[in-house]
Amino acid sequence: MPSALPYVCLSNIFQHIDKDQKSLYSCAFVNKHWCVSAIPELWRSPFENHQESKRQIALINTYIACLPQAIQKRLRISSTLTQSVTFNYPAYIRNIPVNRIFLSAAEWCNSKIEAETPRERMKKELSKALCRNFLGQAAYIDCLDITIANDFNIFRLYGASNKLPQIHTLKVNNEYYSDQFKTISKLCQNIQSLIISQMEYVKPTNYGDLVKIIQVQPKLQDLSIDSHNFEGFKVVWNGLVNSEYAKNSLTNLIIKHIYFDSIFFSKFLQQLTTFENLEKITIKKWFIEKLNHQEIQSSFREFKKLNTIIVKQYDLPLKILEPIFQYSSSALHTLQFIHLQNYNIETLIDLLSDYCHNLKKFIAPMTIHQSIKIEKLFKGCQQLEYFHIYHPNFDLKKIHLMNRSQYNVCVAMDVDDYLLKLKNTFPEGLKTFKVYLNWVFSPDVLEKFLDGLMIGKNNGILEFRFSQGLSDEHLEIIKKFPENNVKLM
């Protein structure tokens, strides 16, 4: 019986599907026991999940119904809900995105108030009242997003000094109110994840206060910096490098939109290794005028724990990665490219073969012609366990939504001979092999390929997606090898 599961078990289960709002919503209707467990998860981040106008208005209606009657009377507003609310929904909120709350309140005001002047005034007053109620009712606040939050200062609201010191995630892009960064550095010192976006909007006079926020965080693990302003990035970066806490606590670093000069890039790479526990780097839009390999080689320490590199860039010069590959070679086991196009596959294979001998997971976009050179990669990376290539025009997160009528965007290639040649180069431990390209092969070749193949066994997957010309004969061959977990789509 589903009701037999205790609340703690149900709560843990629902936390793992918190991104799947439809499933959570369905769970809330199983029975009363499940409803009580699912509702807190459904209402953790409501403003992240309701961005359509009608949904925003309905959301604000619910929250207005949860406001104290005295507040509703003072603002001269009331909810249009036809029945009273079942739960105290503000108590469950854990994520406060200030600007999205304001925009949702604005949608409600636009639909209810005709006169412009009182409508504009009400947008600010209502969003402040909602945030004040969240701060008062919520058991704790985990995430605060004050990007583009220039309509009111949440740190001056009643309850802010009690609830905001608890936050673990902070998103900022500018100081919209005097001394706001100083307030954050004094009040919020339990931040584990800090996202700094659009740093070009931060005034140079505020760089020091932004650095202070970083330097007072003893538990900072994840840091994301998005900056088109190189000078601002250098100040923040130097502050990070000089943080005694970050040298030991930082594990995940995301850096976006940086145009390096060659001198600073060499220094930047060397300083990266000062973070003793850095495990993951995400690169997006790095540019450099000229790479000086001699400067990089000098006094360069190895990364101790860097095991994952993710590259999100169409036109990244691959040579930029060489020193990172070289000095993380012993620990590096996961490499993922997203959006990378028009790159030299031979250069990439040479880099991986030279430095990434312990690589276990590789994901990258490839053209159909690049894909028939991957046997060289397998020869150089004999520890690979997971290999996945896909068409450069596809968004890997949305590929599963494509139907067969869209497959013709892929150029086809007969790989009968290549498939059998490739089989002989597979690393011994390779468990998962996915090709999302239009590889065409006969049923006879598929049978020879699968015969004696270890890929797909022991919880692995052997998958060919977008392969045209598949027939019932192919499917019959698959049935002969059930242990290989073959998927033809």
Handout entry: Extension gain (nm, one decimal) between GLU244 and LYS421, 0.36 nm per residue minus Cα-Cα
Key = 58.5 nm
Handout entry: 18 Å Cα-Cα threshold exceeded, pairs from LYS423/LYS448; LYS397/LYS423; LYS171/LYS219; LYS457/LYS479
Key = LYS397/LYS423
Fill in the blank from the handout: Ranking LEU450, GLN336, LEU321 by how far each Cα lies towards the positive end of the charge dipole of region 314-465 (+1 on Lys and Arg Cβ, -1 on Asp and Glu Cβ), the top one is GLN336
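Taking region 104-206, which chymotrypsin sites (Phe, Trp or Tyr not before Pro) meet the DSSP loop condition and have no more than 13 other C-beta atoms within 10 Å?
Values: sites: TRP108, PHE134, TYR140, PHE152, PHE155, TYR158, TYR176, TYR177, PHE181, TYR201; in loops: TYR140, PHE152, TYR158, TYR176, TYR177.
Answer in residue order: TYR140, TYR158.
I'd like the FRET efficiency for PHE87 and GLU476, computed as 1/(1 + (r/R0)^6) with the beta carbon distance as r and R0 of 35 Å, rounded to 0.05.
Values: r = 54 Å, r/R0 = 1.55.
So the FRET efficiency works out to roughly 0.05.
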Completion exercise
Taking r as the C-beta separation of LYS290 and GLN51 and R0 as 51 Å, the FRET efficiency to the nearest 0.05 is 0.75
Exercise for the section: Relative to the longest principal axis of the C-alpha atoms of the chain, give the angle of the C-alpha long axis of helix 230-241, reported between 0 and 90° and rounded to the nearest 10°. Expected result: 90
Exercise for the section: State the extension gain, in nm to one decimal, for the chain segment bounded by ALA58 and ASN190, taking 0.36 nm per residue of separation less the distance between their alpha-carbons. Expected result: 44.2 nm
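For n ≥ 4 DSSP H runs only, could you compute -39500 (n - 2.57) per run for the chain, divide by its residues and tell me the 222 nm figure to the nearest 500? Intermediate results must be reported in sequence, preceding the final value.
Values: 21 runs with 189 residues, N = 489.
Value at 222 nm, helices only: -11000 deg cm²/dmol.
Taking the Cα centre of the chain as the origin, how large is its charge dipole in debye, to the nearest 20, when only Lys and Arg (+1) and Asp and Glu (-1) carry charge on their Cβ atoms?
Numbers: 57 positive and 47 negative charges, 365 e Å.
The dipole of the chain has a size of about 1760 debye.
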Exercise for the section: Rounded to the nearest Å, what's the spacing between the alpha carbon centres of region 41-80 and region 131-210? Just the number, please. Expected result: 22
Exercise for the section: Please give, to one decimal in nm, the separation of the simple spin-label points placed at GLN382 and ASN31, each 7 Å out from Cα toward the Cβ. Expected result: 5.8
Completion exercise
Final fewest-first order of ASP416, ASP226, ASP179 on the 10 Å Cβ neighbour count is ASP179, ASP416, ASP226
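Assigning unit charges at the beta carbon (Lys, Arg +1; Asp, Glu -1) and nothing else, what dipole magnitude in debye, to the nearest 20, does region 67-159 show about its Cα centre? Don't jump to the answer; show the numbers that get you there.
Working: 13 positive and 8 negative charges, 63 e Å.
Here region 67-159 has a charge dipole of around 300 debye.
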Practice task
Quick one: compute the contact order of the chain, relative version, from alpha carbon pairs under 8 angstrom and 6+ residues apart, as a percent.
Solution key: 6
Practice task
Quick one: which residues, 5+ away or cross-chain, put their amide H under 5 Å from the amide H of ASP414? H built at 1.01 Å from N.
Solution key: VAL440
Fill in the blank from the handout: Note: probe point = Cα of LEU75 + 7 Å toward Cβ; backbone nitrogen < 19 Å; residues of region 118-143 passing the test are 118-139
Problem - Qualifying lysines (Cα of each under 16 Å from Cα of LYS203; at least 8 residues distant if same chain) - result: LYS182, LYS212, LYS234
Handout entry: Under 14 Å, Cα to Cα: Lys pairs in region 248-355, sequence gap 8 or more or different chains
Key = 10
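Taking DSSP loops as anything outside H, G, I, E and B, show the longest stretch in the chain free of GluC sites (Glu not before Pro) there with at most 11 other beta carbons within 10 Å. Provide the component values of the computation, followed by the final result.
Working: sites that count: GLU52, GLU114, GLU289, GLU428.
By the stated rule (loop sites, at most 11 other Cβ atoms within 10 Å), 115-288.
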Practice task
Treating the angle as unsigned and between 0 and 90°, give the value, to the nearest 10°, between the Cα long axis of helix 53-65 and the longest Cα principal axis of the chain.
Solution key: 40
Completion exercise
Rounded to the nearest 10, the angle in degrees between the Cα long axis of helix 262-272 and the longest principal axis of the Cα atoms of the chain comes to 80
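Computed from the coordinates by the stated procedures, all read-outs in this text should not be read as laboratory data. Quick caveat, the model's predicted, so the values are computed rather than measured. Ideal geometry is used to build each Cβ from the backbone, glycine not excepted, and the neighbour counts take in all protein chains shown.
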